[in-house]
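The values are calculated or read from the model by the stated rules, or taken from the named source; none is laboratory data. The model shown is predicted, which means the values in this text are computed figures rather than measured ones. Cβ coordinates were reconstructed from backbone atoms using ideal geometry, including for glycine residues, and neighbour counts include every protein chain displayed. Just the protein is used for accessible areas: all its heavy atoms, side chains included, with ligands, DNA and RNA removed. Shrake-Rupley method; radii C 1.70, N 1.55, O 1.52, S 1.80 Å.
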Amino acid sequence: MTRYTLSRLLQGLVAMWVIVTIVFFLARLGGDAAALLAPPDATPEQIAAIRLSYGFDQPLHLQYVDYLRGIVTLDFGQSVSYRQPVVDLVIPAMVNTARLALAAFVIALVLGVTFGAIAGVRAGTRYDQAVRGLSVLGQSVPPFWLGMLLVLLFSINLGWLPAFGSEGFTSLILPACALAAFPLASIARLTRSSVLEIVARDQTLFERSKGVGPATLMSHILRNASLPVVTLAGIQLGAMFSGTIVVENLFAWPGVGQLAIQGIQARDFALIQGIVVVNTFVFVALLFVVDLSYGWLDPRVRAVKSAVKSKVGANVEAAA
Amino acid sequence: MSSALESAPSSPAAGRPPRPWLRLRRRPGRRPWFSGTVMAIFAFCGLFGSVVAPHDPDKVNLSQALKPPVFAGGTPTYLLGTDQLGRDVLSRLLTGAQVSFLVAAGAVLIGGAIGLLVALLAGYSGGRLDAVLTRVADASMAFPVVLLAIVIVAIYGKGVTVVIAVLVVAAWPQYARVLRSEVIRIRTQEFVTMSRVMGGGRFWAITRHVVPNTIPTLLVLATLQIGLAIIAEGSLSFLGIGVPPPAASWGNMLADGRNFLATAWWLPVVPGVALSLTVLAANLFGDWLRQALDPATRR
């Protein structure tokens, strides 16, 4: 298990390194990096000063080492639009984003697994058809438009919930629901097909013939069906951290997405770079946790992880 | 064609490459009427939207501002109403379809081509190159689309080309991953080995046997990517980092419309319905295509 954990950790670090490197070269290939970091109204002298203070006049490999050192020590430089260290801006925003993403994730996971499992057990019934239809619909409606419809209904027409802001629990409900729809739909679809597959196996028939009660049977089916669902859920949770951007924008939620859009408008590249790095870190960390949870859910993974993983990947692709 | 030939993965004796997508014609059962029709309408508007538009989509006419659609008490001159500047919503919708169509087509064609190329390279070379390409694809998939767009827009500025580029960068690994395993599966099948035995070169095997047999998978992936591309264009334009206004795109219309949720509901609702319907149709069509082309479910 230790070896498995270490190899996963190493893979995560490599993935992070690749992305961080891509960002580094994208910024330098796009022309004058100092001009990117400078405020839009900077004079040539100011740009020259920035070039000097960031070391843009140095050879590329030295810059790269400096850049990596900054990331490891959580030093992303200074935001030119806020005149504060980037870290101090990104971390509180990330906490807000995490609140929203986790709330949406809980909704998506609980409802998605419930609906999907019932649809899988009762395949072919009207309930199953409804779940399948709604999940295709849920994967087709973009979250920002769904959010607008929710605001139109619950804020403007019914007046039950606030249309924007981040005050209190009620303001979390609409953005979380808008964000949850897509992952909910895909989790429901995958759970359904996964449960369907387990139900068709001999082990389920055997348990039934032994007289195992419905609750126990269901828990066995769910545990067996959970592996692909966990993979998908992990990917969806990671995707949500960036999917929040549009929803945050719509609901004026003070998260990373809002910060990134402000960063673009102010041409604050240090801020954007910091956001991308922190976001990537969260994503890679989540995938790492997901990988570890396989080992916990299914002891076979520890032994023959590569074989099982490729199968899981195929299932996820087939259902996504 | 005899049934024995039909069930073979390809007809090695035939002079031309196999065309597995012809299975669609022979497939009995339900036809995708709804999704097919919507996709056809979308393609038509994507090609000729600005030609059939009843008004100039950018013509500002403040005296006609915020007229409701005809079914909500508006006039037949403006079937779907007008926006805050008096521009005709239907005309903007039709012109916007061209943007969505262009973005979707560009992202799907270029992304699919790159993905297929990488898949062939990885699937055929094996070894270290395969490992590197697979890792790069995995790492690129970890990079969320919107974040990628933010980085690229921050560096290169906005535009339709940038939107397409972002989507291509986001989409190629998806094709590459799935097609790589397809390539490996096909190239190890007996009919490909036979073609080598009979003296066919590697290039022959790739162009005549492997690539044509990946087409069904490629088609399914591409159809499902259409929906994602349309949503992505909408999201980016909605955030103000996609297609630059005042160009009519569905995302721009939604971004404008959000300010009129309480006063002119049709401005946010109409483009959203068009967008969601198109994506829904693309997803349903992709699902149908997958089942229809999958030899395992073929009867």
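Quick look at the numbers
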| quantity | calculated |
| --- | --- |
| Efficiency of FRET between A:Q84 and A:L52 - r from beta-carbon atoms, R0 25 angstrom, step 0.05 | 0.70 |
| Accessible-area ranking of A:F269, A:F206, largest first, probe 1.4 Å | A:F206, A:F269 |
| Under Karplus coefficients 6.51, -1.76 and 1.60, residue-wise ³J(HN,Hα) of the range B:111-117 in Hz, glycine/proline x | x, x, 5, 5, x, 5, 4 |
| P(r) tail fraction, chain B - alpha-carbon pairs more than 25 Å apart, % | 56 percent |
| Per residue value of the accessible surface for the range A:90-299 (all protein chains in place, 1.4 Å probe), Å² | 41 Å² |
| Gained length - A:R122 relative to A:V106, 0.36 nm times residue gap less alpha-carbon distance | 3.4 nm |
| For A:S79, distant residues with modelled amide H under 5 Å away | A:Q84, A:V86 |
| Largest-first ordering by accessible area, 1.4 Å probe, given options A:E207, B:E190, A:E197, B:E233 | B:E190, A:E197, A:E207, B:E233 |
| Chain A - percent of accessible surface contributed by carbon and sulfur, probe 1.4 Å | 68 percent |
| In Hz, Karplus ³J(HN,Hα) per residue of the range A:75-82 (6.51, -1.76, 1.60; θ = phi - 60°; x = Gly, Pro) | 10, 9, x, 9, 7, 6, 7, 9 |
| Estimated distance in nm for a label pair at A:D75 and B:R31, the labels positioned 7 Å out from Cα along Cα-to-Cβ | 6.9 nm |
| Accessible surface of the range B:51-298 [probe 1.4 Å, protein heavy atoms]: carbon and sulfur percent | 67 percent |
| Rg/Rh for chain A, where both radii come from Cα atoms and Rh is the Kirkwood radius | 1.05 |
| Electrostatic dipole magnitude of the range A:90-299 [Cβ: Lys, Arg +1; Asp, Glu -1; Cα centre; debye, to 20] | 500 debye |
| Estimated dipole of the protein assembly as shown in Debye, rounded to 20 [Cβ of Lys and Arg +1, of Asp and Glu -1, Cα centre] | 2600 debye |
| Inter-probe distance in nm under a simple model that places probes 7 Å from Cα toward Cβ, at B:E190 and A:L205 | 3.0 nm |
| Interface burial for B against A (accessible surface, 1.4 Å probe, total of both chains, Å², rounded to 100) | 3700 Å² |
| In order through the range B:211-221: 3J(HN,Hα) via Karplus (6.51 cos²θ - 1.76 cosθ + 1.60), integer Hz, x for Gly, Pro | 4, x, 7, 8, 4, x, 4, 4, 4, 4, 4 |
| Exposure ranking of B:I230, A:I156 by accessible area [1.4 Å probe, largest first] | A:I156, B:I230 |
| Contact order relative to length of the range A:90-299, as percent, for alpha carbon pairs under 8 angstrom and 6 or more apart | 30 percent |
| For chain B, size of Cβ-based charge dipole, Lys and Arg +1, Asp and Glu -1, in debye | 1140 debye |
| Residues whose placed amide H lies under 5 Å from that of B:T82, excluding near-sequence neighbours | B:L66, B:K67, B:V89 |
| Dipole of the range B:51-298, positive end: most advanced residue of B:G157, B:A264, B:G251 [Cβ charges, Cα centre] | B:G157 |
| Interface residues in the range B:124-164 - accessible area drops by 20 Å² or more relative to the isolated chain, probe 1.4 Å | B:R135, B:A139, B:A142, B:F143, B:P144, B:V146, B:L147, B:I150, B:V151, B:A154, B:I155, B:Y156 |
| Reachable aspartates and glutamates, given that their alpha-carbon falls under 20 Å from the alpha-carbon of B:K67 and they are not under 8 places away in the same chain | B:D56, B:D58, B:D83, B:D88, B:D256 |
| Heavy-atom accessible area per residue - the range B:51-298, 1.4 Å, Å² | 40 Å² |
| Percent RCO, i.e. relative contact order, over chain B, from Cα pairs under 8 Å lying at least 6 residues apart | 23 percent |
| The range B:173-299: proportion of alpha-carbon pairs further apart than 21 angstrom, % | 58 percent |
| Rg over Rh, two decimals, the protein assembly as shown (C-alpha only, Kirkwood Rh) | 0.98 |
